[in-house]
Amino acid sequence: MQYDIIIVGAGMLGAACADAFARLDQRILVLEAGSAAGAHGATAAGMGHLVVMDDNPAELALTKYSCQLWRELLQDNPQAHEYSRCGTLWVAADDEEMQAAQDKQKLLNANGINAQILNASQLYQAESELASGLAGGLLVPDDGIVYAPKSAALLMQRAQQSGKVTLQFDRVTQINGNTLHTASGTQHQAGMILVANGMGAASLLPELPLRAKKGHIAITDRYPGFVRHQLVELGYIKSAHASDGDSVAFNVQPRFSGQVMIGSSRQYDKDDRALDWDILRKMLARTAAFLPRIAELNTIRCWSGVRCASPDGLPLLGPHPQRNGIWLAVGHEGLGITTALASAALLADRYAGHSSAIDATPYLPQRFALLAAAA
Amino acid sequence: MKTFTIRINGQSYPANDSQTVAAALAAHSGFYSRASVCGENRTPVCGMGICQECRVNINGAPHQLACQTLCQPDMAISNLQQATKFDPCTKTASEPAAIPVPIFDVIVIGAGPGGQSAARTAAAQGLKVALVDDNPLPGGQIWRAAVLQPETYPQAAASWQQVKGHSNVQYFAASKVVQVEDGSLLLQAASGKQRLGYQKLILATGARELLLPFPGWTLPGVTGLGGLQALVKGGMPIAGKRVVLAGSGPLLLAVAQTLRQQGANVLCMIEQTSLRHLLGFGLGLLHTPGKLRQAISLMRQLFGIAHYRNSHVLSANSGGTGSNPARLQSVTIQTPQGQQTLECDYLACGFGLLPNTRLAQALGCALHGDAVQVNHSQQSSQPNIWCIGEATGIGGVDKAIIEGEIAGLAVAGKDVSHLQGERARWQGFARRLQQAFALKPELKALAKPDTIVCRCEDVKLEQINTCNDWRSAKMLTRCGMGACQGQVCGGALQQIKGWQVDGLREPLGPTRVGSLLCHGSTTRFEI
């Protein structure tokens, strides 16, 4: 069987790409190291939020575009994705953060994104469990949450329905030129190999400037209505973009099931999956500082996952500057679910020679001198 | 025994302090505890804090286990509905993040016969012992609530008297070990949390029932076999009720005896094992004369109750279309002679016992098969952790007691060779038990495609059949993502599909966020 494209990884990125390239009538092989599409890696471990992030114009453009694509996709069967259009409520603890909220609102509105300032009294009306003494917040009502493993599985199913996509469960162990070696001892070749397996790419392509950022999550039993929006502290941004060290930030979600999902933590260069109780406790303590009565809720499960981060916080989307035929869709840090659809669209447009909806230059791998120089 | 009033769904009822909330629900309001994800009424099943079906609201706090909670004066209980909101009247005291950690020479987890034996033996050697159990009363399963009836259970009463007689044993009731770290254990109790430090551990975590899905198994009125016994011992009224018992092994007879003593109308016992295996097991009891006498006495007491062999339950049935809400009305069984349907009020059905090994696994102890691996001194693969009783292999109360004594001496560095003979005798009993009552393959194929397999999340077999392994079933169908943490459906799927059920992580049971976020302060103190 001759394939035009081989995709490494059937998480959200791999599934979105398989779906996008199948629509270009390409013959595609997807190689997944785990046992089912969407059931492994960061896709299975993350919070599945669909959020516009505005820390730099390129991030805003990508997340905005991708959130639009998600809303279109989710019109069909939102329940299957466990989609909740609960919005994001950015919480301001003090006047300084309130100023940041105002700035954020101006920027988002100027970019056509609905965002409303809430004063303190409106904040407590929106979320009665928040700790007293907060200054207010910013509500972005069109943000939402999906259950990423199902979304990835559904995208892969749709891709397979085209008849163009073969999914095999086999770990890729080596990439030599345009030949892939797998754990089952098979070799595959194709004109294009699209690497979309997150931190797994770091061992296949060691020259990539990727770093692991471990995170933890706790999920509670069902307490419907405890929180109604995704809640994030405005200080989250400092945590997400810290260049070193461990950090936690307040970030909870009301899940479709009525459970409360609690994040978030970041630890650089840790890629094991063991629970780190020190940082988990810090994360839970930070959560309780914003939602005091969360201390009374039963946690039924804790787990960890590994994000794949790039040096500038933007993903690597496009051809590898040195390795002919290798394309990349990695390095999405905490925005892999949000930006998967736009990532796939940009890559498919480039492949087909179409112009894309947004400028793809900021995400091209060749921006890293490291890569350009690698042999 | 103190009597007082409690409120259930706003109505006042009498209760007493040795009665569980589950028993009070059964006595007064049709037993129903919660509404499931798809809207079915559920009632307690396992009776021992594992299946999570008995979750109710108590005093404004949702997700409280009715079977593990004793009634208290003025308690307000209500059913856990799907849309139950977190009660805004609940007060939260602010919790210290750092708590002092008392250090014991040895912590014994489990206050059943084995744990009590270990605790009093270790204490007699002069060690400082903590005895921890997640039930409100000591005794584990087989001696459940026995301390309330010392005349009926003299051995259990004497054992507990001995434990209490040692001032160097500190007993922590209603406390579940949920997390382990750096030589300390985090305990979750209804009232709060505790961290205990230790030099050595003795795990006496016992066993739970294997529950397998079959059509109708989620109907109110269907419980586990040991589950019904546990509920009745918790004060659930059973006098005059028609009960069908189904399953396997000596537990079937023991439960029949308990129920008869409480005035139940036990209609029949449905044993999946063949007569040949039963006779073989009976012959084997010659090795353990005490057990043989017990068996003969049991059989005499149960004379008159129909006993089917080579038989099993096919389905639990609710009434015709008029049944609102649905409740157990009858049971259809398969016998060598054909099928029969029996009308009844309760079906207690369990398929054998599984060692409780999650805590041992979290501590890094190796397993041998589905039990914790130990040497002849009951020492596990972790040098400072011993394990005894059912958790090392199902073998009953006598095995647990002798093994507890061995571990209690071993942790004090004492010689245990004089006890090896008796240990070997009960290990032999355990082997004969396993051989005689091995599960027939038919029992693994009872569920139909539309039978719920994961009770916490209401996931049906046909959904699970679309997946190839435990992990993908969990991620894609929600099977195993509920409050029981896959203990019920995981055990079932291991049998039905031969799946490896892995990915054990702490917390070992639902745990309040407030408990998890506290760490041991640097002040550790010897008690």
Which numbered condition B:Ile142 misses (of (1) farther than 19 Å from B:Glu390 by Cβ; (2) under 18 Å from the mean Cα position of the chain (by Cα); (3) open to solvent by 60 Å² or more (accessible area, probe 1.4 Å)): (1)
Odd one out for A:Ser35 among (1) surrounded by fewer than 23 Cβ atoms within 10 Å (Cβ to Cβ); (2) more than 14 Å from every other protein chain (Cβ to nearest Cβ): (2)
Any hit, segment B:505-523, residues being open to solvent by 50 Å² or more (accessible area, probe 1.4 Å), out of contact with any helix residue (DSSP H, G or I) (no Cβ under 8 Å at 6 or more places or on another chain), more than 14 Å from chain A (Cβ to nearest Cβ) and in a helix (DSSP H, G or I): no
Single condition B:Ala438 does not satisfy, out of (1) at pLDDT 95 or above; (2) open to solvent by 20 Å² or more (accessible area, probe 1.4 Å); (3) of a type in the set (A, V, I, L, M): (1)
Members of segment B:21-53 found to be of a type in the set (Val, Ile, Thr) and open to solvent by 10 Å² or more (accessible area, probe 1.4 Å), listed by number: B:Val37, B:Ile50
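Are any of the residues in segment B:447-470 aliphatic (A, V, I, L, M), open to solvent by less than 30 Å² (accessible area, probe 1.4 Å) and within 12 Å of chain A (Cβ to nearest Cβ)? Outline the logic, then answer.
Narrowing segment B:447-470 to residues aliphatic (A, V, I, L, M): B:447, B:452-453, B:459, B:461, B:464.
Filter again for open to solvent by less than 30 Å² (accessible area, probe 1.4 Å), leaving B:447, B:452-453, B:459, B:461, B:464.
Still in the list and also within 12 Å of chain A (Cβ to nearest Cβ): none.
No, that holds for no residue.
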Condition broken by A:Ala295, with the remaining ones in (1) within 14 Å of chain B (Cβ to nearest Cβ); (2) farther than 16 Å from B:Glu506 by Cα; (3) touching a His at 6+ places or on another chain (Cβ under 8 Å) satisfied: (3)
Pair list, Cβ < 6 Å and 6+ apart or interchain, from segment B:159-173 residues that are more than 14 Å from B:Gly115 (Cβ to Cβ) and modelled with pLDDT of 95 or more to residues that are open to solvent by 40 Å² or more (accessible area, probe 1.4 Å) and assigned to a loop (DSSP other than H, G, I, E, B): B:Asn168/B:Lys128
Single residue of B:Thr335, B:Thr357 found to be under 16 Å from the mean Cα position of the chain (by Cα) and more than 30 Å from B:Gly39 (Cβ to Cβ): B:Thr357
Close pairs from segment B:176-191: first more than 30 Å from B:Asn59 (Cα to Cα), partner open to solvent by 10 Å² or more (accessible area, probe 1.4 Å) and modelled with pLDDT of 90 or more, Cβ under 7 Å, at least 6 apart: B:Glu181/A:Trp277; B:Gly183/B:Tyr198
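Take B:Cys479 and decide whether it is more than 9 Å from chain A (Cβ to nearest Cβ), in contact with an Asp or Glu (Cβ under 8 Å, 6 or more places away or on another chain) and surrounded by 23 or more Cβ atoms within 10 Å (Cβ to Cβ).
Working: more than 9 Å from chain A (Cβ to nearest Cβ): yes; in contact with an Asp or Glu (Cβ under 8 Å, 6 or more places away or on another chain): yes; surrounded by 23 or more Cβ atoms within 10 Å (Cβ to Cβ): yes.
Yes: the conditions hold for B:Cys479.
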Matching option when the condition is open to solvent by 20 Å² or more (accessible area, probe 1.4 Å), β-branched (Val, Ile, Thr) and in contact with a strand residue (DSSP E or B) (Cβ under 8 Å, 6 or more places away or on another chain), among B:Val244, B:Val169: B:Val169
Test for A:Ala80: is it out of contact with any Phe, Trp or Tyr (no Cβ under 8 Å at 6 or more places or on another chain) and either in a helix (DSSP H, G or I) or hydrophobic (A, V, I, L, M, F, W, C) (or both): yes
Checking B:Leu267 against (1) assigned to a strand (DSSP E or B); (2) open to solvent by 20 Å² or more (accessible area, probe 1.4 Å); (3) farther than 23 Å from B:Ala326 by Cβ, the condition it does not meet: (3)
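How many of the residues in segment A:83-103 are open to solvent by 10 Å² or more (accessible area, probe 1.4 Å) and either without any contact (Cβ under 8 Å) to a residue 40 or more places away in the chain or in a helix (DSSP H, G or I) (or both)? Let's see the steps before the verdict.
Going residue by residue through segment A:83-103, those that are open to solvent by 10 Å² or more (accessible area, probe 1.4 Å) are A:83-86, A:93-100, A:102-103.
Adding the requirement that they be either without any contact (Cβ under 8 Å) to a residue 40 or more places away in the chain or in a helix (DSSP H, G or I) (or both) leaves A:95-100, A:102-103.
Here the count works out to 8.
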Residue match in segment A:316-339 (condition: crowded, with 24+ Cβ neighbours inside 10 Å, more than 14 Å from chain B (Cβ to nearest Cβ), under 18 Å from A:Glu59 (Cβ atoms) and free of Cβ contacts under 8 Å to residues at least 60 places away in the same chain): yes
Number of the exception - B:Leu354 against (1) in contact with an Asp or Glu (Cβ under 8 Å, 6 or more places away or on another chain); (2) under 16 Å from B:Gly140 (Cα atoms); (3) part of a helix (DSSP H, G or I): (3)
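Look through segment B:61-104, keep the residues that are part of a loop (DSSP other than H, G, I, E, B) and at pLDDT 85 or above, and return whichever of them is nearest to the other protein chains (Cβ to nearest Cβ).
By that ranking, first place goes to B:Gln81.
Are there strands (runs of 3 or more DSSP E) fully within segment A:128-215 with at least 1 residues that are among the hydroxyl-bearing types (Ser, Thr, Tyr)? List them. Please lay out each step first, then the result.
Working: elements: A:136-140, A:165-169, A:172-176, A:179-182, A:187-195.
In segment A:128-215, the matching strands (runs of 3 or more DSSP E) lie at A:165-169, A:172-176, A:179-182.
Kindly evaluate A:Ile300 against the criterion of being at pLDDT 95 or above, more than 14 Å from chain B (Cβ to nearest Cβ) and at negative phi. Walk me through how you get there before you give the answer.
Working: at pLDDT 95 or above: yes; more than 14 Å from chain B (Cβ to nearest Cβ): no; at negative phi: yes.
Here the answer is no, as A:Ile300 does not meet what is asked.
If you scan segment B:433-474, which residues turn out to be over 30 Å from A:Gly41 (Cβ atoms), among the hydrophobic types (A, V, I, L, M, F, W, C) and part of a loop (DSSP other than H, G, I, E, B)? Break it down into steps so the answer makes sense when it comes.
If we filter segment B:433-474 for residues that are over 30 Å from A:Gly41 (Cβ atoms), which is where we start, we get B:433-451.
Filter again for among the hydrophobic types (A, V, I, L, M, F, W, C), leaving B:433, B:436-439, B:443, B:445-447.
Matches in segment B:433-474: B:Phe437, B:Ala438, B:Leu439, B:Leu446, B:Ala447.
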Members of segment A:256-290 found to be more than 9 Å from chain B (Cβ to nearest Cβ), within 24 Å of B:His63 (Cα to Cα) and out of contact with any Phe, Trp or Tyr (no Cβ under 8 Å at 6 or more places or on another chain), listed by number: A:Met261, A:Gly263
Inter-residue pairs, beta-carbon under 8 Å, first within 14 Å of B:Val397 (Cβ to Cβ) and in segment B:99-118, second among the aromatic types (Phe, Trp, Tyr), 6+ apart: B:Ala111/B:Tyr171; B:Gly112/B:Trp143; B:Pro113/B:Trp143; B:Gln116/B:Trp160; B:Ala118/B:Trp386
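Would you point out which residue out of B:Gly224, B:Gly206 is among the small types (Gly, Ala, Ser), touching a Gly at 6+ places or on another chain (Cβ under 7 Å) and open to solvent by less than 10 Å² (accessible area, probe 1.4 Å)? Steps first, answer last, please.
Details: B:Gly206 fails: open to solvent by less than 10 Å² (accessible area, probe 1.4 Å).
On inspection, the qualifying residue turns out to be B:Gly224.
Assigned to a strand (DSSP E or B), of a type in the set (D, E, K, R) and under 25 Å from B:Ile142 (Cβ atoms) - does that describe any residue in segment B:282-302?
Here is the first cut: in segment B:282-302, the residues assigned to a strand (DSSP E or B) are none.
No, that holds for no residue.
The values are calculated or read from the model by the stated rules, or taken from the named source; none is laboratory data. For clarity, every value in this text was computed on a predicted model and none was experimentally measured. Neighbour counts are summed over all protein chains in view; Cβ atoms, including those assigned to glycine, are modelled from backbone coordinates with ideal geometry. Each accessible area value is taken on the protein alone, full model and side chains, heavy atoms only, with ligands, DNA and RNA left out. Shrake-Rupley method; radii C 1.70, N 1.55, O 1.52, S 1.80 Å.
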